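The values are calculated or read from the model by the stated rules, or taken from the named source; none is laboratory data. Here the structure is a predicted model, which means the values were calculated and not measured. All Cβ positions, glycine included, derive from the backbone under ideal geometry; neighbour counts span all protein chains shown.
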Amino acid sequence: MKKVTCGFVIITLVLSLLIFHENAYASKVNELSSIKTTPLYVVLLMDASGSMKKTDPEGFRILASQAIISLLSSEDRIAIVEFGADAKIISDWKVASERSSIFNLLNQIGNDGSFTDFRAGMETAMQLLKKAPPESDKVIFLLSDGVLDPNPYSERYAPYNIQYRLAIQGKNKSDVRKINETYKNSLSPVAKRMIETNMLPVLKKDGVEVYCVGFSADADKEFLNYLADESSKIKTESHYFYANRAVDLMETFVGLLHFWKNKIVLKSEQGNIAIGSRANIAMDAYLKDISFIALTENPADFYVRIEGGSKAESILEGTHPNLKVATITGNAPHGTWNYGFNNGAGPYRLLVVGKSTLDMIISGIKEKYSYGEPVKANAVIQIDKKDARPYLNRNPRVVAEITTGNSKEGPFDLQEEKEAFLLEHVIKTPGKARIKFTLLAKDKDNNDLLPRPSKEFVTEILPRFYVEPQNITFGDLSQGKQKEKLVKIHSGLDETVKISVNSNIRNASRCGDIKEKLPFLKADDFEIQSGQSLERSLSLTVPKDGCWGDFEGEILFTADKGQRATIAFRVHVPSIWEKLTWFAIAMMFILAIILFLLAIFWGYLKSPVGVLRPVNYPPGTPLLNDIKLSALKRGIWNGFLHWKKNVITIGPAGADLKLAGLPKTMTAELIFHRFGGDYIKNSSPAESGHILMVCNPDVEIDIERRSGSSYQLCHGLNIKISDYEFIFEHIK
């Protein structure tokens, strides 16, 4: 009996030590995971077009923004930009912990914009992100409920903006609406080209990722998806999300934190408020930074507290009355937590969000799979970069759910192997497929852990007959020119088929209804065998008298058995205005320099001032009175524009001051400068030997000035030019 008792005590001690070790290890991992994080710089780029009054009348996008800002840390930064016809910075960079200030600024986001110009918003967001440190995670978060609708008034779309202004002159509102619709279709290819060629390369270079959320049936899903995919660093991560209703935005927004801050949605529920009822949730030892987010239709009093505790967790101040955020303090909120409403009525939505030190690492997913090729992935469960399974109860599960179009497959279990869980599944529907994994496990005490969802991944299942790439940009192509691009055609069909290649223009900024003026692809026919891959060169031509502008089209590959594949393409035909732009800029720059130098030169030249008082003059010559020098330069040309406007010439003929008694070859000049002084110069030919005499009243010595030499003018200077003698007085 003593042996049994002793054995029981030993087993109890061992189990206690094991449990203590597990909890201590979980706590240690929580501490290690908080040592170093990367600051997040995110621009909230919000659609402020007039359609928001209809799609989000309650302002759920503002509440959802408040929710995610509430979960960011003091090292993170937020900027807010709204866009409609133009972009407006609501807030430059602010520390995310300045929540009250940011919440107030969010309320300034409007909903009365005339257009939905993504391009304007993106340009402004990129300018803000230039201020972000290189080592930070940089994100543009774009929300829109509509299609790209460029602002036709904007000078960025010249010369279309001039055409638009002329088109709406004198038109009534009904006609203007029709013109707006026409210009929306015309300018969309222009704006998309600007984004694709001018912005996306810069975003990729600077490491900026664009996350897009579209909501409402009118959202430009295709283009928003393109923006998100092109800027994503990991091509198999899905950075485009869709919310069918405005009320769904909160869960969509908060879900983005999984990508930005590794915070996962642990629980999501909705229902009607029942005062006095209490719900609970068990937090395991591998969770930290837990937040409860409650969104209600009407103001309500929400609480969260540890089971058995008397004090509720504090509710974040400054949020909208219908939004309550409670954050559990401390590294390891291990235990059961109660939550509910003390008052209020109506429906509610609840999200529980937190970080998990129990990581699920997904790898092996490819960007594309051939039709019939199994999709393969590995899921590894880790704690502090070590296999987590020894710290869990036996038989943890990883399940996958796959969404293609409007259909879902799963959830189904991944097969557990020695080092990982393996997915191998054939997706039978061609197109984009979204895959999400969830870890289901128990701790050593056989308690259920909260499910751990993964990020959402995306891949593409190629059809049996397809072409690559799916998008081609021909860039700039002038009239009468052609450009070639290589494409690859793949056939998984059961037999040899004949392929015909044609093209059509879907969107044109100009001449959309004049087919003979549009870019076209040279028709082609060829055969492809079963299982074969062929490379073909496609040649796009712009007619000699073709229209300039931006054009979007598709290249059609049609098999004689009915199968089809398409490639979307874009081309820009520069206008004369654009061709001259760089030349004009260069010429304007040169002209500006010339004008600047001329301005300096003209500013340096001073109009003549002073008076020459005659003292002596040759016998038999006309009597001279005082000569006011400024009066000798008359007229706009001589007085202001002439390059010698500052010079008074003196000579026997053809001079500003004619002195008939001078020798025929003797001349002199009075030269005036704004800086550096005024001078008299002997400008007679060197071979003439003429001498000009001056006498400074302060020195009283006659000084000879031979041809080409000068002397500074001063008040009272005595000047002798041959038999003429003057006194210069410096008066105006």
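How many residues are on the phi > 0 side of the Ramachandran plot and either modelled with pLDDT of 90 or more or out of contact with any helix residue (DSSP H, G or I) (no Cβ under 9 Å at 6 or more places or on another chain) (or both) when one looks only at the range 305-319?
Within the range 305-319, residues that are on the phi > 0 side of the Ramachandran plot and either modelled with pLDDT of 90 or more or out of contact with any helix residue (DSSP H, G or I) (no Cβ under 9 Å at 6 or more places or on another chain) (or both) number 1.
Examine the range 225-242 for a residue that is under 17 Å from Tyr339 (Cβ atoms) and either free of Cβ contacts under 8 Å to residues at least 40 places away in the same chain or buried (at least 20 other Cβ atoms within 10 Å of the Cβ) (or both), and state whether such a residue exists.
For the range 225-242, residues under 17 Å from Tyr339 (Cβ atoms) and either free of Cβ contacts under 8 Å to residues at least 40 places away in the same chain or buried (at least 20 other Cβ atoms within 10 Å of the Cβ) (or both): absent.
Mind counting the residues in the range 58-97 that are among the polar types (S, T, N, Q) and not in a loop (DSSP other than H, G, I, E, B)? Explain how you work it out, then say what you get.
Just the residues of the range 58-97 that are among the polar types (S, T, N, Q), to begin with: 65-66, 70, 73-74, 91, 97.
Retained after the next criterion (residues that are not in a loop (DSSP other than H, G, I, E, B)): 65-66, 70, 91.
The qualifying residues number 4.
Residues in the range 644-656: is at least one touching a Cys at 6+ places or on another chain (Cβ under 9 Å), farther than 30 Å from Ala599 by Cβ, part of a loop (DSSP other than H, G, I, E, B) and not hydrophobic (A, V, I, L, M, F, W, C)?
No; the residues of the range 644-656 include none that is touching a Cys at 6+ places or on another chain (Cβ under 9 Å), farther than 30 Å from Ala599 by Cβ, part of a loop (DSSP other than H, G, I, E, B) and not hydrophobic (A, V, I, L, M, F, W, C).
From Gly553, Gly549, grab the single residue that is surrounded by 13 or more Cβ atoms within 10 Å (Cβ to Cβ), of a type outside the set (Asp, Glu), touching a strand residue (DSSP E or B) at 6+ places or on another chain (Cβ under 9 Å) and in contact (Cβ under 8 Å) with a residue 60 or more places away in the chain.
Sole residue among the options that is surrounded by 13 or more Cβ atoms within 10 Å (Cβ to Cβ), of a type outside the set (Asp, Glu), touching a strand residue (DSSP E or B) at 6+ places or on another chain (Cβ under 9 Å) and in contact (Cβ under 8 Å) with a residue 60 or more places away in the chain: Gly549.
Just for the range 377-410: of the residues that are closer than 17 Å to Arg452 by Cα and among the acidic types (Asp, Glu), which one is modelled with the lowest pLDDT?
In this case the residue turns out to be Asp384.
Working carefully through the options Lys644, Lys633, find the one that is among the charged types (D, E, K, R), more than 15 Å from Tyr724 (Cβ to Cβ), crowded, with 19+ Cβ neighbours inside 10 Å and in contact with a helix residue (DSSP H, G or I) (Cβ under 9 Å, 6 or more places away or on another chain).
None of the others qualify; the one that does is Lys633.
Mind counting the residues in the range 444-457 that are under 21 Å from Lys263 (Cβ atoms) and either free of Cβ contacts under 8 Å to residues at least 24 places away in the same chain or surrounded by 16 or more Cβ atoms within 10 Å (Cβ to Cβ) (or both)?
Here the count works out to 8.
Restricting attention to the range 522-578, and to residues there that are of a type in the set (Lys, Arg) and in a loop (DSSP other than H, G, I, E, B), which single residue is nearest to Gln470 (Cα to Cα)?
Lys522
Just checking, how many residues over the range 437-459 are out of contact with any Phe, Trp or Tyr (no Cβ under 7 Å at 6 or more places or on another chain) and assigned to a strand (DSSP E or B)?
10
With the checklist (1) touching a residue at least 60 places away in the same chain (Cβ under 8 Å); (2) within 23 Å of Trp260 (Cα to Cα); (3) surrounded by fewer than 13 Cβ atoms within 10 Å (Cβ to Cβ) in hand, flag the one item Ser363 doesn't pass.
The single condition Ser363 does not satisfy is (1).
Grab the strands (runs of 3 or more DSSP E) fully contained in the range 311-381, keeping just those with 2 or more residues being touching an Asp or Glu at 6+ places or on another chain (Cβ under 8 Å).
323-327, 335-343, 347-356
Residues checked against (1) more than 30 Å from Cys547 (Cα to Cα); (2) acidic (Asp, Glu); (3) surrounded by fewer than 21 Cβ atoms within 10 Å (Cβ to Cβ):
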{"position": "Val81", "(1), (2), (3)": "yes, no, no"}
{"position": "Asp112", "(1), (2), (3)": "yes, yes, yes"}
{"position": "Ala158", "(1), (2), (3)": "no, no, yes"}
{"position": "Tyr183", "(1), (2), (3)": "no, no, no"}
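Which of (1) within 19 Å of His730 (Cβ to Cβ); (2) not in a loop (DSSP other than H, G, I, E, B) is the odd one out, the single condition Pro697 does not satisfy?
Result: Pro697 passes all but (2).
For the range 647-666, name all the residues that are within 11 Å of Ile721 (Cβ to Cβ) and in contact with a helix residue (DSSP H, G or I) (Cβ under 9 Å, 6 or more places away or on another chain).
Leu657, Pro663, Met666
Just the residues that are touching a residue at least 12 places away in the same chain (Cβ under 8 Å), in a loop (DSSP other than H, G, I, E, B) and either touching a helix residue (DSSP H, G or I) at 6+ places or on another chain (Cβ under 6 Å) or under 17 Å from Ile362 (Cβ atoms) (or both), please, taken from the range 403-436.
Leu414, Glu419, Ala420, Ile427
Looking only at the range 91-111, which residues are touching a residue at least 24 places away in the same chain (Cβ under 8 Å) and not polar (S, T, N, Q)?
Passing the criteria: Asp92, Trp93, Ala96, Arg99, Ile102, Phe103, Leu105, Leu106, Ile109, Gly110.
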